[in-house]
Amino acid sequence: MSSITAGDIMVPNPITIEPEATIVEAARLMAARDVSSLVVVDHERRVIGIITARDIVDKVVARGLDPQSVRVSDIMAKPVTIVEPNTPIRDVVILMSSTGHRHIPVVGEGGILLGIVSEYDVLKLVPDLLEAVEVSGGKRGT
């Protein structure tokens, strides 16, 4: 299990949006693609932010702002916690826990977006972890 990396479990080519897009555009894209986050990228696909459905609710709707006039860049989280594909999944989990971020973009050379790891992707590993523990009899170091 220790050999599993972010690249192994990431969702490749996550849904992206440009910082100039409106919140309405972001919300429609999230709904159409059935996702709860969008990675904000520049024209070279370098990660510059991330926006979640919760950001839209907390930072726009709850404050009574006009989602037609608020831009993604106005509310996106930045800087973004990122990892490389070879980052051990254990380190990704530690980052999620220490930062409170539920979505971690995976970037390659030059910060170019390759994929994303979400809490859900990590949780999908739990059955395999439990099975590995059962098979080994719960013994460590054997």
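The values are calculated or read from the model by the stated rules, or taken from the named source; none is laboratory data. Here the structure is a predicted model, which means the values were calculated and not measured. Cβ sites come from the backbone with ideal geometry, for glycine too, and all protein chains shown count toward neighbours.
Out of the residues in region 41-64 meeting the condition of being touching a residue at least 40 places away in the same chain (Cβ under 8 Å) and not acidic (Asp, Glu), tell me which one is surrounded by the most Cβ atoms within 10 Å (Cβ to Cβ).
Step one: filter region 41-64 for residues touching a residue at least 40 places away in the same chain (Cβ under 8 Å), giving 41, 44-47, 50, 52.
Then drop every residue that is not not acidic (Asp, Glu), which leaves 41, 45-47, 50, 52.
Values: 41: 21, 45: 16, 46: 12, 47: 24, 50: 28, 52: 21.
Looking at the filtered set, the residue picked out is 50.
Confirm whether residue 30 is at pLDDT below 95, touching a Leu at 6+ places or on another chain (Cβ under 7 Å) and within 23 Å of residue 120 (Cα to Cα). Explain how you work it out, then say what you get.
Numbers: at pLDDT below 95: no; touching a Leu at 6+ places or on another chain (Cβ under 7 Å): yes; within 23 Å of residue 120 (Cα to Cα): yes.
Answer is no for this residue.
Taken over region 65-83, the criterion of being basic (Lys, Arg) and either exposed (fewer than 15 other Cβ atoms within 10 Å of the Cβ) or modelled with pLDDT under 95 (or both) is satisfied by 78 alone. A single entry from 35, 92 fulfils the requirement of being part of a helix (DSSP H, G or I), surrounded by 15 or more Cβ atoms within 10 Å (Cβ to Cβ) and at pLDDT below 95: 92.
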